[in-house]
Amino acid sequence: MKKLKVFALSMILVFGLSVVVYNTNAKIANNQEKKYESQEKAALSNNEDDAHKAINENKKNTNLKTISFNNADETKKANKNNVQDVSNSNKTGADVKTNSTPSKVQSQNVAKASDKVTASRGDLKAAIPYNAKELDLLARLVRAEAGGESYNAQVGVAAVVINRVKSSKFPNTITSVIYSNNQFTPVQNGQINKPATDTNKKAVQEALYGKDPSNGALFFYDTSCTSKWLLSKPVKAKIGKMVYAY
């Protein structure tokens, strides 16, 4: 009986100790859980603060970039306006300079117009270079040498002079060929100085642009010629009283 009491007391003691230990462990666990919760809350709070700081920092950077871009745009606009002002100023100066001397340029162009070499007429190319003065000189020679002959004969006379210009045996310009020593009677007797007709000029133009009834002749004479030297030349063509020889 005594042993049973001792055993019962022992069990009660063990149970009481177990309850105490359990309560103690529960408190410890509860405190630990609260500690973890507080730490977690603190961590979350710190993270939120960091996040807010990062957001605010990004906003500041964005605003700074926007201001920088705006300033850059303003600078570009200012530079562009300055360049336009300088360009307009230079253009105005150039216009003033150009307008200040038009008469000199125009007078030079007018002075050179009569000396300009004509190289083409429409789709045709001239057989040799020439200017207005040379065209008139050759037309006056045609009038003096074959003015009373047919139009085709007049073209032939002009063609002979042009063939001489193209030949290495004679000078290389119309003027030099016509004024060579003892070559053309009208130069010697002054008939070369009489004005040419429109028909004479037209015949010259035909020859200048390729027409050659003389068939490449370098000499011409009429049927009254008595020069044995000329008469000995091979005849290339005959048109009326005009004979064209090579």
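The values are calculated or read from the model by the stated rules, or taken from the named source; none is laboratory data. Since the structure is predicted, the reported quantities are computational estimates derived from the model, not experimental observations. Positions of Cβ are generated from backbone atoms using ideal geometry, with glycine treated the same way; all protein chains shown enter the neighbour counts. Just the protein is used for accessible areas: all its heavy atoms, side chains included, with ligands, DNA and RNA removed. Shrake-Rupley method; radii C 1.70, N 1.55, O 1.52, S 1.80 Å.
Summary of values
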item: 1.4 Å probe accessible area per residue over the range 128-246, in Å²; result: 50
item: Of all accessible heavy-atom area on the range 183-246, the percent that carbon and sulfur account for (1.4 Å); result: 48
item: Net length gained if the chain between Ser232 and Tyr246 were fully extended (0.36 nm per residue, minus Cα distance); result: 4.1 nm
item: Selection from Thr197, Leu230, Asn163, by position along the positive dipole direction of the range 160-246 (Cβ); result: Leu230
item: Cα gyration tensor, the range 140-200 - rounded (a/c under 1.5), prolate or oblate; result: oblate
item: Thr173 - accessible surface, heavy atoms, 1.4 Å probe, Å² rounded to 10; result: 50
item: Solvent-accessible surface (1.4 angstrom probe) belonging to Leu135, in square angstrom, nearest 10; result: 30
